[in-house]
Each structure stands twice: as C-alpha cells, then as structure tokens.
Amino acid sequence: LDNGLARTPPMGWLAWERFRCNTDCVNDPENCISERLFMQMADLLVKDGYKAAGYEYIIVDDCWLAKTRDSKGRLQADPERFPSGIKVLADYVHSKGLKFGIYEDYGNYTCAGYPGILGYLETDANTFAEWGVDYVKLDGCYSHPIDMDQGYPEFGYHLNLTGRPMIYSCSWPVYQIYSGIEPNYTAIKGACNLWRNFDDIQDSWQSIQSVIDYYGDNQDIIVPQAGPGHWNDPDMLIIGNFGLSYEQSKSQMAMWAIWASPLLMSVDLRTIRNDYKAILKNKKIIAVNQDILGIQGRRIYKDRGIEIWARPITPVIRNDFSYCIAFLNRRTDGTPSEVSVINRELGLTHAGGYRVDDLYTDKDYGILSPEDKITVDVNPSGVVMLRFTVASAFQKAPYL
Ligand SMILES: OC[C@@H]1[C@H](O)[C@H](O)[C@@H](O)CN1C(=S)Nc1ccc(F)cc1
C-alpha cells in the first residue's frame with residue numbers, strides 16, 4: 001500500500017502469541033489482556049533498549065473489546081480491563097515515543113467472538129483515528145473470504161479517508177487460501193502494508209519449520225510481492241517464550257531477516273532471558289531485515305536437511321548486490337553439519353570480491369573472491385548467518 005508507511009518491515013510488540021485471549025484479570029492480573037499489560041510492555045520497549053534497536057509499535061490483538069458497541073454504535077474497550085479507554089492508552093504509548101496498534105476483524109465477530117466491523121467500517125475507521133491509532137491489524141474470521149476482495153480495500157479506503165496515517169495489516173490472503181481461493185496479490189499489495197499468508201504461529205519449532213517450508217515452497221509466488229510499503233507477514237517472533245531452543249531462536253530471527261518480514265515480538269519482556277533478548281536486539285540482523293532495498297530472500301539450496309537462503313542487500317556496486325546468506329540445519333542428528341560451498345555457486349560473482357562476516361559471532365572472514373570456498377559448521381536446528389559485502393577492486397589490494 002503506497003501510504004508512505006512501512007517503507008521497511010514494521011517492528012514492534014504484538015500481544016497475541018504469548019498472551020492470547022486471557023481476560024481473567026481477577027485471578028491473573030499480571031497476564032490478562034489489559035491496559036496495564038500494554039503500558040508495562042511500552043515501558044520495557046524503551047527501558048530495555050528495544051526501541052533503540054528499532055522496535056516501535058505496541059499492538060493490541062483480539063479480546064481488547066467490550067462484548068457490545070456503545071449506544072452510538074461505536075467500538076469500546078472492555079471497561080474493567082481497559083478502564084482508561086483506548087485513547088488514553090494510545091496517548092501513553094505515544095508519550096514513550098512509540099506507536100500504537102489495534103486489532104479488528106472483517107466479519108461479524110473477531111475470532112474470539114467480540115464485535116467485528118461488518119456494518120460499521122466507516123465508524124470504526126473514524127473511531128481508530130480519533131483514538132490516535134497508528135496501525136490496524138484486520139483479521140478475517142466470521143466472514144466469507146470471497147467478500148474480502150471488496151471488504152479489505154473498502155476498510156482501507158475509510159482508514160485513508162480519516163487523514164491519519166495508519167499501517168494496514170491484512171489477514172486477507174490466508175483466509176482465501178484456507179477456502180481454496182487464489183489470492184490476488186496485485187490487489188492485496190495495493191491495499192495493504194503487510195498481509196498474513198500462512199497459519200498462525202504457535203510456540204514450537206515445528207510451527208517455525210512449517211512457515212520455513214511454506215515460504216520456501218511458495219517463493220516464486222510470494223517473493224515478488226514484497227517491497228517497501230508491502231510485506232509478506234509470516235506472523236510473530238516467538239523468541240524468548242517456552243518452545244524454542246537458543247539455536248532455534250537464532251534460526252527464527254535469521255529467517256525473518258532473510259524474508260524482509262515484520263519483526264513483531266510476542267514475548268513477556270518482563271521475564272525474557274538475556275541471551276534471547278540479545279537475539280531480538282542483534283543490530284546486524286535487524287539491519288538486514290530493514291535493508292532499504294526491501295528485497296525478500298529466497299531458498300537457493302535444500303538437500304538432506306541443509307538449506308541455504310540468500311537475500312540481496314545494500315551496498316550495491318555496479319549492479320552487483322551484497323548478500324546475506326543463511327545456512328540452516330534442519331537435521332537433529334546431534335553433531336553440527338559442515339557445509340562447504342564456492343562463493344560463485346551462491347551467486348556471488350562480483351569480481352572485486354566480498355568482505356564476509358558472521359552476523360551472530362562477528363567472526364571476520366576477510367575479503368573472499370567468487371572462486372573462494374566458504375566452510376561453516378551449522379548446529380542442529382540452528383543457523384549460520386553470513387553477510388557478503390561487495391568489495392571494490394582497490395579494497396582487495398591491501399589484503400594481497
Ligand atoms: O483471535 C485472534 C487470533 C490472532 O489474531 C491470530 O493472529 C489471527 O490469525 C486469528 N486468531 C485466531 S486465534 N484465529 C483462529 C485460530 C484458529 C481457529 F480455529 C480459528 C481462528
């Protein structure tokens with residue numbers, strides 16, 4: 001969507017995967033979906049350096065709502081759990097230098113059964129603008145996917161008409177794919193800043209692997225759709241929760257960087273362990289994810305559990321890209337797998353060679369030519385993430 005927003009993939013914190021639809025603030029006040037939770041996460045985004053690393057949006061997901069609209073037909077937050085109301089919460093988030101996101105559903109109800117927007121598209125768009133919303137996630141439960149080709153652009157039209165810039169996140173394709181309809185990505189990327197095209201992420205390595213397989217097996221369709229202002233959305237980062245090992249967490253962060261995906265953490269920032277925090281704040285990996293070219297990477301090799309993924313990035317020298325290369329080990333046979341490949345075989349053909357460094361270990365490989373071989377040891381369910389920065393010919397001389 002060409003609204004000047006999401007020129008790089010959005011970054012922030014989204015409640016759903018970690019906090020779900022926990023509305024029991026009586027027995028579980030620390031973890032229920034409440035204004036308190038989002039204020040705490042906003043505070044930590046700033047205090048713990050996530051904002052400085054680029055994470056900007058605090059996004060409310062399902063279950064924030066009262067069960068009914070107000071007397072004027074407007075959406076309202078659950079009064080017990082959000083006593084100050086959404087506008088005050090958004091103001092608080094803004095006071096921290098952050099942006100605020102909210103969730104609704106193109107349907108009669110949200111997936112969890114709260115009021116949907118059908119029949120109230122203009123009213124709800126205006127309500128969100130009045131509240132100071134900066135990002136809207138529009139889900140697709142309880143509606144007919146065939147209606148979405150008209151419905152999603154229509155709500156985007158009303159959002160735009162408010163005059164308030166709001167990132168528009170659409171679940172449009174995934175619901176059409178579920179119902180056997182081929183998504184029209186030309187329409188989708190024209191109407192949305194990002195879109196979900198695969199299953200909800202769950203707290204497991206198995207879930208991450210199913211996304212990796214989908215993004216690899218369908219890359220010829222989805223990779224060309226990505227670019228500044230319009231991104232494929234493989235769903236939230238689950239790093240720091242319960243289901244991923246340290247290696248698997250580095251793998252998720254690496255793949256989301258290769259894919260130019262939104263980086264939307266869904267984790268309890270109050271308890272996250274430091275080694276997982278370091279993965280989420282890794283500046284070099286985030287720089288790849290946020291590369292200004294906005295070119296989504298592809299799987300270029302897959303055999304016996306070893307995959308190699310390549311994303312073109314800046315700087316570029318006379319049409320030769322730099323690259324981020326991820327060596328992913330899907331095997332679980334205990335010992336790290338050694339992977340050796342000639343740079344030229346990876347598509348690295350720049351005559352001046354490349355400066356190579358490891359984005360997790362900072363290991364410096366110096367300057368390598370297209371003819372040089374690179375050898376890495378990749379841990380089971382882990383990844384090695386190398387950046388190949390084009391070197392101009394003269395740079396090579398001092399290394400001879
Ligand atoms: O209720 C909202 C929740 C989250 O927003 C996810 O990101 C959305 O993809 C949808 N969603 C859920 S759980 N959707 C859903 C998941 C399973 C199911 F059988 C019916 C609906």
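Could you state the number of Å between the C-alpha centres of the stretch 236-294 and the stretch 343-379?
Spelled out, the Cα-based centre of one part sits 23 Å from the other.
With a cap of 14 neighbouring Cβ atoms within 10 Å, and only residues DSSP puts in a loop, list the GluC sites (Glu not before Pro) found in the stretch 17-120.
The qualifying sites are Glu30, Glu80.
Given the Cα atoms of the stretch 173-304, and with Rh set as the inverse mean 1/r over their pairs in the Kirkwood sense, what is Rg to Rh to two decimals?
Details: Rg = 14.8 Å, Rh = 15.4 Å.
Answer for the stretch 173-304: 0.96.
Divide, for the stretch 283-396, the radius of gyration over alpha carbons by 2.2 N^0.38 Å, where N is the residue count. Walk me through the numbers on the way to the answer.
Numbers: Rg = 13.7 Å, N = 114, 2.2 N^0.38 = 13.3 Å.
Cα-based Rg divided by the globular estimate yields 1.03.
With the contact rule set at Cα under 8 Å and sequence spacing of 6 or more, what percent relative contact order holds for the chain?
Values: 863 pairs, mean separation 54.5, N = 400.
Relative contact order of the chain: 14 percent.
In deg cm²/dmol and to the nearest 500, what is the mean residue ellipticity at 222 nm of the chain if only DSSP H runs of at least 4 residues count, each as -39500 (n - 2.57), divided by the residue total?
Working: 14 runs with 118 residues, N = 400.
Computed mean residue ellipticity for the chain: -8000 deg cm²/dmol.
Between Asp139 and residues 5 or more places away or on another chain, which pairs have amide H atoms under 5 Å apart, with H built 1.01 Å from N, and which residues are they?
Glu104, Asp105, Tyr106
Ordered by packing density, taken as the mean number of other Cβ atoms within 10 Å over each peptide's residues, highest first, how do 191-202, 283-294 rank?
Descending packing order for the listed peptides: 191-202, 283-294.
Enter the angle in degrees (range 0 to 90, nearest 10) between the Cα long axis of helix 246-258 and the first principal axis of the Cα atoms of the chain, meaning the one along which they spread out most.
Here the helix axis deviates by roughly 90 degrees.
More than 24 Å apart: what percent of Cα pairs in the stretch 62-201 qualify? Don't skip to the answer; put the middle values down first.
On the way: 2646 of 9730 pairs.
Value for the stretch 62-201 (Cα pairs over 24 Å): 27 percent.
Find out how many positive minus negative residues lie around Pro115, taking Lys and Arg as positive, Asp and Glu as negative, among other residues whose Cβ is under 14 Å from that of Pro115.
-3
Using only the Cα atoms of the stretch 63-105, what are the Rg and Dmax in Å?
11.2, 33
Compactness ratio of the stretch 233-352: Cα Rg over 2.2 N^0.38 Å, N = residue count?
Details: Rg = 15.5 Å, N = 120, 2.2 N^0.38 = 13.6 Å.
Ratio of Rg to 2.2 N^0.38 Å for the stretch 233-352: 1.14.
Through the Karplus equation 6.51 cos²θ - 1.76 cosθ + 1.60, θ set to phi - 60°, convert the phi angles of the stretch 227-232 into ³J(HN,Hα) values in whole Hz; use x for Gly and Pro.
So the Karplus estimates, Gly and Pro as x, are x, x, x, 8, 10, 6 Hz.
So in the stretch 108-241, what percent of DSSP beta bridges are antiparallel if you round to the nearest 5? If you can, show how the numbers build up before the last one.
Values: 2 of 11 bridges.
Antiparallel bridges make up about 20 percent of those DSSP assigns within the stretch 108-241.
Would you mind telling me the antiparallel percentage of the DSSP bridges in the stretch 209-336, rounded to 5? Numbers along the way, then the final one.
Numbers: 15 of 16 bridges.
Antiparallel bridges: around 95 percent, rounded to the nearest 5.
Give me the log10 of I(q) over I(0) for the stretch 299-351 at q = 0.14, 0.21, 0.23, 0.28 Å⁻¹, as the Debye formula computes it from C-alpha points; what are the numbers?
-0.43, -0.80, -0.90, -1.14
Can you tell me the Rg and the Dmax, both Å, for the Cα atoms in the chain?
Reported Rg and Dmax, both Å: 21.8, 77.
Isolated Cys in the chain by the 4.7 Å beta carbon test?
Within the chain, the cysteines lacking a partner Cβ under 4.7 Å are Cys324.
Only the coordinates and a few stated rules stand behind these numbers; no lab work does. From a predicted model like this one, the values you see are computed outputs, not experimental measurements. Positions of Cβ are backbone-derived with ideal geometry, glycine not excepted, and every protein chain shown enters the neighbour counts.
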